[in-house]
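Asker: Have a look at the structure that comes next, please.
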Amino acid sequence: MLKKTLNLKGVRTLSNNEQKEINGGFWGNCQAQIVICYDDSDCPCGRTCGVTVDSPTGPLNVPDVCQFY
C-alpha cells in the first residue's frame with residue numbers, strides 16, 4: 001500500500017522534523033472528539049451543540065453531542 005501511495009505524482013515521505021511540524025489531528029489546538037453537551041458553551045473551540053447525520057432513512061438529529069470535524 002505504501003509503495004502504491006508513494007508512486008503517485010507529487011507524493012513523498014516526510015522527514016521526522018516535517019512530521020512534527022504538521023501537528024496532525026489538531027486544528028487551532030482542537031482535536032476531533034465526541035463531547036456531550038447541553039449548550040453551545042459546553043463545546044470546545046467554538047463548535048455548536050447538536051449533530052445531524054445523514055442516514056438511509058433520512059436525517060438523524062443527535063442533540064446532545066458537540067459537532068466535530
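The values are calculated or read from the model by the stated rules, or taken from the named source; none is laboratory data. None of these values were measured; they are calculated from a predicted model. Neighbour counts run over all protein chains shown; Cβ positions are idealised from the backbone, glycine included.
Asker: May I ask you to list the residues in segment 40-59 that are in contact with a Ser or Thr (Cβ under 7 Å, 6 or more places away or on another chain) and either in contact (Cβ under 8 Å) with a residue 60 or more places away in the chain or over 21 Å from Cys30 (Cα atoms) (or both)?
Answerer: Taking segment 40-59 and keeping what is in contact with a Ser or Thr (Cβ under 7 Å, 6 or more places away or on another chain), we get 40, 59.
Across segment 40-59, the qualifying residue is only Pro59.
Asker: State which residue is modelled with the lowest pLDDT when the search covers only segment 32-44 and only residues that are under 14 Å from the mean Cα position of the chain (by Cα) and exposed (fewer than 13 other Cβ atoms within 10 Å of the Cβ).
Answerer: Here is the first cut: in segment 32-44, the ones under 14 Å from the mean Cα position of the chain (by Cα) are 32-35, 44.
Okay, now just the ones that are also exposed (fewer than 13 other Cβ atoms within 10 Å of the Cβ), so 32-34.
Details: Ala32: 70, Gln33: 76, Ile34: 82.
Per the criteria, the residue is Ala32.
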